[in-house]
Amino acid sequence: MYKLVAIDLDGTLLNSYGQITEKSKNVIQKAVQKGVNVVLTSGRNAMSVQNLATEIGADHYIICGNGAMVYDLQKKQMIYHQFLEKRKILQLVRICEENSIYYSVYTENGIIAKSLNYNVLYYHQENSGKPDSKKTNINIVQNIDAYIRERQEEDYIKMTICDDNQIIFNRMIQNLKKVRDVDVLDVAHMSRKLIKLGTEVYEMEYFYTEISGQNVDKWNAIAHLMDLLSISADEVMAIGDNVNDKTMLQNAGLGVAMENSAPYIKEFADVVTLDNHSDGVAKAIEDYILNAE
């Protein structure tokens, strides 16, 4: 039996509107009641993941920043972290500024950006209707370099780079890969998000990558929990849709890719479930945990 289920958020548990269906919540609760450790495993920062974990009742452990942090929510403490150094963030910011490309900096508790665009616009829209205590903290700053230099207490988990021009984006990726001691996600497909404004639905499409500290990935964070809980890799089920889920899909006892994943992501998984608009996560949990013999 699988004792730990690691679930990605965007494109996996969340639909393109950033919502979790009641069916998915109910199925996850049944798995928790059965004694399974359900762990949200996301590129988002701690506050955003914690709010969603509380919403679905899987509020013991969470993995944030693509594996940069592991939180024990019951003890209210961080139990594992691999942050990006401030000097490295400043180096990456300088490169982005010199190439006039959109970027955002993720801290433990929020996002720093120069404007509301691409992924940051999506999180801003997702905040609509949420109480302040559950909103993703977005800090709009015109001079990010100066802002970061003046602050001492921030822990930096990752940076994101976005552009809707593939040529510009690919050139930027090559520049970023020359930076030492960081890992750049090699994303080969466009990100697609839906934003609902009133009765109108708008689609955003853009190329997107994430930069983390070297050897930061979701599987390394899961491995820390495996040691803590005395769980083997064969007892782990991982569900995801994107390249930042690659290591956990490859190494888990059962790697489950979403139907909406890019074809090259599905190759890393053992099985493919339904897409994120058809409760694919719920179906996978039902098939391999709740209804397993």
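The values are calculated or read from the model by the stated rules, or taken from the named source; none is laboratory data. Note that the coordinates shown come from a computational prediction; the quantities given were computed from them, not determined experimentally. Every residue, glycine as well, gets a Cβ built from its backbone with ideal geometry; the counts of neighbours run over all protein chains shown.
Only one of these is in contact (Cβ under 8 Å) with a residue 24 or more places away in the chain and not aliphatic (A, V, I, L, M): SER278, SER230, SER261. Name it. Break it down into steps so the answer makes sense when it comes.
Numbers: SER278 fails: in contact (Cβ under 8 Å) with a residue 24 or more places away in the chain; SER230 fails: in contact (Cβ under 8 Å) with a residue 24 or more places away in the chain.
That would be SER261, the only listed residue that is in contact (Cβ under 8 Å) with a residue 24 or more places away in the chain and not aliphatic (A, V, I, L, M).
Check ILE222, ILE211, ILE167 and return the single one that is over 18 Å from TYR80 (Cα atoms) and not in a strand (DSSP E or B).
Working: ILE222 fails: over 18 Å from TYR80 (Cα atoms); ILE211 fails: not in a strand (DSSP E or B).
Being over 18 Å from TYR80 (Cα atoms) and not in a strand (DSSP E or B) holds for just one of ILE222, ILE211, ILE167, which is ILE167.
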Residue check, SER133 against (1) of a type in the set (Gly, Ala, Ser); (2) on the phi > 0 side of the Ramachandran plot; (3) not in a loop (DSSP other than H, G, I, E, B), all met but one. Which one? (2)
Unmet requirement for LYS178, which otherwise passes all of (1) of a type in the set (D, E, K, R); (2) part of a loop (DSSP other than H, G, I, E, B); (3) touching a Gly at 6+ places or on another chain (Cβ under 9 Å): (3)
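Give the residues of the range 248-268 that are part of a helix (DSSP H, G or I) and modelled with pLDDT under 95, sorted by residue number.
Of the range 248-268, the ones part of a helix (DSSP H, G or I) are 248-251, 263-266.
Within the range 248-268, PRO263, TYR264, ILE265 meet the criteria.
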Need the failing condition index for GLN142 against (1) under 16 Å from GLU210 (Cα atoms); (2) touching a residue at least 24 places away in the same chain (Cβ under 8 Å); (3) outside the structural domain of MET47 (by TED's automatic domain parsing); (4) not in a strand (DSSP E or B), just the number. (1)
Restricting to the range 68-118, name every residue that is among the acidic types (Asp, Glu) and either within 18 Å of ARG151 (Cβ to Cβ) or part of a loop (DSSP other than H, G, I, E, B) (or both). GLU85, GLU97, GLU108
